[in-house]
Amino acid sequence: MSVSETFKHEVALPEGAETVEAKLGYLDYKKSPKPHIALRDGGPESPCATRCADKPCVTVCPAKVYEWEDAQKKILVAYENCIECGACRMLCPFDNIACDWPAGGFGVKYKYG
Amino acid sequence: MADDAFDAIVVGAGPAGVSAAIAMARAGLKVVILERGEYPGAKNVQGAVLYSRMLHEIIPDFWKDPEAALERPIVEQKTCITTEDSWVTVGYRSQKFLEGVPNCYTIIRVRFDRWYAEKAAEAGAEVYAGVKVEDVVRENGGIVGIRTSEGDELRASVVIACDGVNSIVAQKAGFRKELRPAEVALGAKEVLGLPAEKIEDRFALEPGQGATMELFGSITEGMLGYVFIYTNKDSLSLGVGCKLSDYQKKGIRPSDHLERVKRHPYIKKLISGAKTLEYSAHLIPEGGFKSMPPLAADGFLTAGDAAQMVNAAYREGSNLAMTSGRLAGETVVEAKIKGDFSGATLSSYVDKLRRSYVWSDLEEVKDLEAAVERSEGFLDFYPRLANDLAYLRFSVDGRPKKEHLKQAIALVRKRGFLRVAKELWPIRKAAI
């Protein structure tokens, strides 16, 4: 049985609340030409598809880098959203996230921090 | 980049790295700071409160420098214990905090870090931004340099890892494993633009002066952590920070938590009409004393967040980073005079830390978090109790005060006096 079939992540935000996507809109990035995040196993037999019921990367990542794509039964990684907190590596119960930093000078550029 | 060897390579241009570099460059050592961000501060996030004393020891009277990127000197600090619709506030304000070495300032980290890195450059350190360190270079077991992601190799007598909570250098050097979600807090924050006069009105402040506030209780939604709101010159910093393992357990995204926080009646009035300027998130090392990696090895030292030097109970971190960075720098200066960069010599860094407040404070609070966590009471029972007691104290309802007192005692008795005493006792370590 695939645990992912039942995975739904719905958040009841208060009325008028700003989504994380809107928050990322305040940020400047120097877009890295190559991904700095990869799933060690992104295939149909990956732990994400077969064993991970809670998918904390999807629910917690403060930049919504990870999304569960139910049709393809896999996690999509929007690495260009990443604000480089490093939480995902620790969040993944299956150590399936290889998250490095973008190359020097690339990635998020905070103005206030 | 010069390819001749350096006395020291400092990885990371934050408070720890810059402090280390200044100490070494002033003593005439050949020092380079490597920063992976496009500019110093580009990747750095903090609340942010800067404690003056530790920076004053490095840059005397820094607050007199008009270029120093300071926001407001803090005259008032408040703690607020919330329920959904009520709160108890405890605070202290005094102009004494402005005398002599002012106690602390709010800062905007990116601006501050750029200014501070400039000080290292003025002291003679080379500062290279946009350089990512990929790995350490080892020879005969000791660390002799680093390799950048571009494949360049740089050699030095000592590498000082000041690359923050996620320290790649300490991990690559094999000194540290990946942190666990229970060892870190995840913070998310917004800088909210608001005119200075509005800030001063809302916080009842004299022009230019500032206040800080931390909120506990219902506002953390059952997670261990707090919400903070700090006054900058013409913005507020509003943030949440809770244990990553708690966000993980509850499946809460900190940005959503922040949105709910904004709607708490206490916060709502303070931020009304403010315009978001930036959103950010960062990890805070909270394992402290128990998660500290080896601090010194052959050709290697580590300081600041990379070494887990955060006193979460007192929201101190950048000051510990500055002190530990400076002590690491001074250790390298001594090692250079001796001509010996072995782990045995460099471990005098640990002795220096032991003699400072850094070690003592981290050791003092090392069991505090576990004590707080052992009792789920701190997340719900005690915040409610504080509010219920305050309600009784301030209500005039026609009943004799004696009955109020009886009711108050009954509220505490429900949990058991001994249990309450046992649960509250460890908190003394965060009280003074």
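The values are calculated or read from the model by the stated rules, or taken from the named source; none is laboratory data. The model shown is predicted, which means the values in this text are computed figures rather than measured ones. Note: ideal-geometry Cβ built from the backbone for every residue, glycine included; neighbour counts use all protein chains shown. Calculation scope for accessible area: heavy atoms of the full protein, side chains included, ligands and nucleic acids excluded. Shrake-Rupley method; radii C 1.70, N 1.55, O 1.52, S 1.80 Å.
Here are some notes:
- Filtered residues of segment B:46-71 (kept if more than 20 Å from residue B:305 (Cα to Cα) and crowded, with 22+ Cβ neighbours inside 10 Å): B:70, B:71
- Of the residues B:321, B:328, B:306, B:312, the single one that is at pLDDT below 95 and under 24 Å from residue B:46 (Cβ atoms) is B:312.
- The residues of segment A:47-87 that are of a type in the set (Ser, Thr, Tyr) and touching a Lys or Arg at 6+ places or on another chain (Cβ under 7 Å) amount to a single one, A:59.
- Among the residues making up segment B:72-86, those that are part of a strand (DSSP E or B), open to solvent by 20 Å² or more (accessible area, probe 1.4 Å) and farther than 15 Å from residue B:378 by Cα are B:73, B:76, B:77, B:78.
- Condition met for residue B:91 (touching a residue at least 12 places away in the same chain (Cβ under 8 Å), in the same structural domain as residue B:10 (by TED's automatic domain parsing) and over 30 Å from residue A:32 (Cβ atoms)): no
- Residues that are free of Cβ contacts under 8 Å to residues at least 24 places away in the same chain and of a type in the set (Gly, Ala, Ser), drawn from segment B:210-257: B:251
- Helices (runs of 4 or more DSSP H) contained entirely in segment A:18-93, each with at least 1 residues that are open to solvent by 60 Å² or more (accessible area, probe 1.4 Å) and out of contact with any strand residue (DSSP E or B) (no Cβ under 8 Å at 6 or more places or on another chain): A:20-24
- So residue B:133, is it open to solvent by less than 10 Å² (accessible area, probe 1.4 Å) and in contact (Cβ under 8 Å) with a residue 12 or more places away in the chain: no
- Among the residues making up segment B:293-332, those that are touching a Cys at 6+ places or on another chain (Cβ under 9 Å) and within 14 Å of chain A (Cβ to nearest Cβ) are B:305, B:306.
- Qualifying residue in segment B:39-55 (condition: touching a residue at least 12 places away in the same chain (Cβ under 8 Å), away from every other protein chain (no Cβ under 14 Å), of a type in the set (D, E, K, R) and closer than 25 Å to residue B:210 by Cα): yes
- Segment B:232-255, subset open to solvent by 10 Å² or more (accessible area, probe 1.4 Å) and assigned to a helix (DSSP H, G or I), residue nearest to the other protein chains (Cβ to nearest Cβ): B:248
- Here no helices (runs of 4 or more DSSP H) wholly within segment B:327-420 include at least 2 residues being surrounded by fewer than 17 Cβ atoms within 10 Å (Cβ to Cβ), in the same structural domain as residue B:125 (by TED's automatic domain parsing) and basic (Lys, Arg).
- Only one of the numbered conditions (1) open to solvent by 10 Å² or more (accessible area, probe 1.4 Å); (2) out of contact with any Leu (no Cβ under 8 Å at 6 or more places or on another chain); (3) more than 7 Å from chain B (Cβ to nearest Cβ) is not met by residue A:102, and that is (1).
- Residue within segment B:195-204 that is away from every other protein chain (no Cβ under 14 Å), open to solvent by less than 20 Å² (accessible area, probe 1.4 Å), under 29 Å from residue B:78 (Cβ atoms) and touching a residue at least 40 places away in the same chain (Cβ under 8 Å) present: yes
- Lone unmet requirement of (1) open to solvent by less than 40 Å² (accessible area, probe 1.4 Å); (2) in a loop (DSSP other than H, G, I, E, B); (3) over 20 Å from residue B:307 (Cβ atoms) for residue B:28: (1)
- Restricting the first member to segment B:395-420 and to residues that are under 16 Å from residue B:384 (Cα atoms), and the second to residues that are hydrophobic (A, V, I, L, M, F, W, C) and surrounded by fewer than 10 Cβ atoms within 10 Å (Cβ to Cβ), no beta-carbon pair is closer than 6 Å while six or more apart or on different chains.
- In segment B:272-292, residue nearest to the other protein chains (Cβ to nearest Cβ) [restricted to those that are open to solvent by less than 20 Å² (accessible area, probe 1.4 Å) and among the hydrophobic types (A, V, I, L, M, F, W, C)]: B:281
- For residue B:39: the one exception among (1) of a type in the set (Ser, Thr, Tyr); (2) more than 26 Å from residue B:307 (Cβ to Cβ); (3) in a loop (DSSP other than H, G, I, E, B): (2)
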